[in-house]
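The structure under discussion appears below in the form of structure tokens.
The values are calculated or read from the model by the stated rules, or taken from the named source; none is laboratory data. For clarity, every value in this text was computed on a predicted model and none was experimentally measured. Every residue, glycine among them, receives a Cβ derived from its backbone with ideal geometry; neighbour counts consider all protein chains shown.
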Amino acid sequence: MKLSRRTALQLGGAAVGVSLLGLKPASAEPKKGGHFRLALSDANTSASMDPATFVAQFDQIGLRSTVYNTLTEVTATGEIIPELAESYEASPDAKVWTFRLRKGVQFHNGKELVADDVVASINHHRGGDSKSGAKAIVDPIVDLRAEDPYTVVFELDSGNADFPFVVNDYHLVIMQAKDGKADWQSGIGTGGYILKKWEAGVRVELERSPTYFKEGRAHFDQITIIAIADAAARQAALIAGEVDAINRVDLKTAHLLARNPGVVLEETSGTAHFAIPMHCNTAPFNDVNVRLALKYAIDRQAIVDTILLGHGTVGNDNPIAPANRYFDANLEQRVYDPDRARFHLKEAGLDTLSVKLSASDAAFAGALDTAVLYREHAAAAGIDIEVVQEPADGYWSNVWLKKPFAMSTWGGRPTEDGMFSLAYAAGAPWNESFWDNARFNELLLTARAELDEAKRREMYGEMQALVRDDGGTVIPAYQNFVDARSANLAREDAIGGNWDMDGFMAVERWWFA
């Protein structure tokens, strides 16, 4: 049976087991063949093939969703189901998880997937010296072992009802073990496509694997993924037939693109959001009143209307989106209030404030314009924001996490714990605001292990309020994903909203009609 999202979050007092009986049939019979060409905006020429470092869509789609698989998969309808695992089950307290692997799954070099490969792959992100983006979410694993060639047991330091979602994280791809270590250098995985060429942040070339274990998936004979940072250039390439699909359509011209009979816009809402983190360990952002002043100094509706052109909703300095299970709809909406911003400046002992905001459209389409609008909004509150235009290439390695006030974006996560653990927990490698709140950190651990849904909802509600009122991130808007494809491409009825490009899975789920 499939484990629904509700069941995955509500394990109750008994062990729960699941197995994948088959994939949902497509709306039309998929056809094999063709050369799929995809242009992506988000790339980094200094990127590594090491999954621990994956941050840009170029890596997340170009390697994670083509070359590799994870133990579980998030379906287009938001369910969590086994992928490399055949089934999994939890102990009554959700502290021990047992995953049973599919037999006969082959790596691209013919080696069979076994439990030792899983252990090595997860351990790649663990340990005190780990710099992995997934370190925070694997730290709770206190023991990981292969019970037999096809059984892997995870023991956690506390219960986690969301653990099947945790192991779906795009860093946690399963690589083959070599001398007990994960072999990421070879680029050999179990995915639907074999890596033929990798130019970091420039180009990926792949061909279909003849031994892929998923029936009804991975239809293209060849795939080429190229990086095109400029939105207008991506759209021009799609219109000219030079590529078959693009991500992150320029919303200013989306209505014009939609008129082209050879193009289909794909728009989905989910957990994605704009973010403007400020480093809470750096003056002047280490004063909560300065942080609040900057939060009241932005006109969120203007961002939705002007930057998103209505393709989204206003944010509330809270990364948990309306699509999330425990989203607190009763949390008071923060609005643009220059007078309130001035009040908080005075509480910080300031009459005016001058800060630099690093921005590039590498963060998201319209990030630079968003920063300029923010500067105009903040001026009414006596806040001078100097917008620093940063180079697009290398933005995620040279600016993000390094500059104390910078534009960012998140695809979000399907669970509250996933989002909070990655970007808001004290010490998390991707805690982009370097925020550390003792009450929040306490609730994070308690809520993760809580199996009572009402109590869990209450705790996540308090955590959202803490992030909004004390946290170091301005979240002005939740944005829809707006991608575009050639009309001669087909897909299944549902389209994933957990990431763009059909939950990063267009390369596996789409085909030429």
Checklist entry - How about the stretch 258-305: which of its residues are modelled with pLDDT under 95 and either touching a Gly at 6+ places or on another chain (Cβ under 9 Å) or part of a helix (DSSP H, G or I) (or both)? => result 258, 268, 269, 270, 271, 272
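Can we say residue 319 is over 28 Å from the mean Cα position of the chain (by Cα), within 27 Å of residue 430 (Cα to Cα) and part of a loop (DSSP other than H, G, I, E, B)?
Details: over 28 Å from the mean Cα position of the chain (by Cα): no; within 27 Å of residue 430 (Cα to Cα): yes; part of a loop (DSSP other than H, G, I, E, B): yes.
It is false that residue 319 is over 28 Å from the mean Cα position of the chain (by Cα), within 27 Å of residue 430 (Cα to Cα) and part of a loop (DSSP other than H, G, I, E, B).
Which helices (runs of 4 or more DSSP H) does the stretch 407-513 wholly contain that include 2 or more residues that are over 20 Å from the mean Cα position of the chain (by Cα), surrounded by 18 or more Cβ atoms within 10 Å (Cβ to Cβ) and among the basic types (Lys, Arg)? Before you say what the answer is, go through the steps one by one.
Working: elements: 416-423, 438-449, 453-470, 500-503, 506-509.
Filter on the stretch 407-513 gives 453-470.
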Checklist outcome for this item: Residue set 180, 128, 187; condition over 26 Å from residue 76 (Cβ atoms), surrounded by fewer than 20 Cβ atoms within 10 Å (Cβ to Cβ), in contact (Cβ under 8 Å) with a residue 24 or more places away in the chain and within 25 Å of the chain's Cα centre (by Cα); output residue 187
Checklist entry - What are the residues in the stretch 116-143 that are among the hydroxyl-bearing types (Ser, Thr, Tyr) and part of a loop (DSSP other than H, G, I, E, B), if any? => result 130, 132
Checklist entry - If you scan the stretch 241-284, which residues turn out to be surrounded by 15 or more Cβ atoms within 10 Å (Cβ to Cβ) and of a type in the set (Asp, Glu)? => result 244, 250, 266, 267
Item to check | strands (runs of 3 or more DSSP E) contained in the stretch 57-113 and holding at least 1 residues touching a Cys at 6+ places or on another chain (Cβ under 6 Å) | outcome: none
Item to check | the stretch 338-368 - residue that is in a loop (DSSP other than H, G, I, E, B) and closer than 25 Å to residue 253 by Cα and, of those, modelled with the highest pLDDT | outcome: 360
Next on the checklist: Whether any residue in the stretch 109-120 is surrounded by fewer than 19 Cβ atoms within 10 Å (Cβ to Cβ) and acidic (Asp, Glu) is what I want to check.
Outcome noted: yes
Checklist outcome for this item: How many residues of the stretch 189-221 are in contact with a Phe, Trp or Tyr (Cβ under 7 Å, 6 or more places away or on another chain) and of a type in the set (S, T, N, Q)? The answer is 2
Item to check | Flag for residue 204 being modelled with pLDDT of 95 or more, under 25 Å from the mean Cα position of the chain (by Cα), aliphatic (A, V, I, L, M) and under 14 Å from residue 65 (Cβ atoms) | outcome: yes
Checklist outcome for this item: If we ask which residues in the stretch 430-458 are modelled with pLDDT under 95 and polar (S, T, N, Q), their number turns out to be 1
Checklist outcome for this item: residue 335 meets each of (1) under 30 Å from residue 458 (Cβ atoms); (2) touching a helix residue (DSSP H, G or I) at 6+ places or on another chain (Cβ under 7 Å); (3) of a type in the set (Val, Ile, Thr) with one exception, condition (2)
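If a residue must be out of contact with any strand residue (DSSP E or B) (no Cβ under 8 Å at 6 or more places or on another chain) and either polar (S, T, N, Q) or touching a residue at least 12 places away in the same chain (Cβ under 8 Å) (or both), how many such residues does the stretch 383-420 contain? Don't jump to the end; show me each part of the working.
We begin by selecting, within the stretch 383-420, every residue out of contact with any strand residue (DSSP E or B) (no Cβ under 8 Å at 6 or more places or on another chain); these are 391-398, 401-402, 411, 413, 415-418, 420.
From the residues that got through so far, the ones that are either polar (S, T, N, Q) or touching a residue at least 12 places away in the same chain (Cβ under 8 Å) (or both) too are 391-398, 401, 411, 413, 415-418, 420.
Looking only at that region, the number is 16.
Out of 373, 445, 357, 353, which single residue is touching a helix residue (DSSP H, G or I) at 6+ places or on another chain (Cβ under 9 Å) and more than 28 Å from residue 483 (Cβ to Cβ)? So that I can check it myself, show each step before the final result.
On the way: 373 fails: more than 28 Å from residue 483 (Cβ to Cβ); 445 fails: touching a helix residue (DSSP H, G or I) at 6+ places or on another chain (Cβ under 9 Å); 357 fails: more than 28 Å from residue 483 (Cβ to Cβ).
Step by step, each of 373, 445, 357, 353 is checked, and only 353 is touching a helix residue (DSSP H, G or I) at 6+ places or on another chain (Cβ under 9 Å) and more than 28 Å from residue 483 (Cβ to Cβ).
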Next on the checklist: Quick check on residue 222: is it at pLDDT 95 or above, surrounded by fewer than 18 Cβ atoms within 10 Å (Cβ to Cβ) and touching a strand residue (DSSP E or B) at 6+ places or on another chain (Cβ under 9 Å)?
Outcome noted: yes
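Among the residues of the stretch 144-164, is there at least one that is within 21 Å of the chain's Cα centre (by Cα) and outside any loop (DSSP other than H, G, I, E, B)? Don't jump to the end; show me each part of the working.
The initial filter retains those residues of the stretch 144-164 that are within 21 Å of the chain's Cα centre (by Cα), namely 160-164.
Retained after the next criterion (residues that are outside any loop (DSSP other than H, G, I, E, B)): 163-164.
Within the stretch 144-164 (the criterion being within 21 Å of the chain's Cα centre (by Cα) and outside any loop (DSSP other than H, G, I, E, B)), the answer is yes, since at least one residue qualifies.
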Item to check | Odd one out for residue 488, checked against (1) modelled with pLDDT of 90 or more; (2) within 22 Å of residue 157 (Cα to Cα); (3) out of contact with any helix residue (DSSP H, G or I) (no Cβ under 7 Å at 6 or more places or on another chain) | outcome: (2)
Next on the checklist: When you scan the stretch 488-509, do you find a residue that is closer than 30 Å to residue 129 by Cβ and not small (Gly, Ala, Ser), even just one?
Outcome noted: yes
Item to check | Members of the stretch 348-379 found to be without any contact (Cβ under 8 Å) to a residue 60 or more places away in the chain and over 22 Å from residue 434 (Cα atoms), listed by number | outcome: 349, 351, 352, 368, 372, 375, 376, 379
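Scan 181, 196 and give me the residue that is under 20 Å from residue 39 (Cβ atoms) and not aliphatic (A, V, I, L, M). Show your work before the answer.
On the way: 181 fails: under 20 Å from residue 39 (Cβ atoms).
Just a single option satisfies the conditions, and that option is 196.
Looking at 100, 145, can you tell me which residue is more than 29 Å from residue 48 (Cβ to Cβ) and at pLDDT 95 or above?
Result: 100 is the single residue among 100, 145 that is more than 29 Å from residue 48 (Cβ to Cβ) and at pLDDT 95 or above.
Picking from 172, 238, which residue would you name as being modelled with pLDDT of 95 or more, surrounded by 22 or more Cβ atoms within 10 Å (Cβ to Cβ) and in a loop (DSSP other than H, G, I, E, B)? Don't jump to the end; show me each part of the working.
Values: 238 fails: in a loop (DSSP other than H, G, I, E, B).
Checking each option against the conditions leaves just 172.
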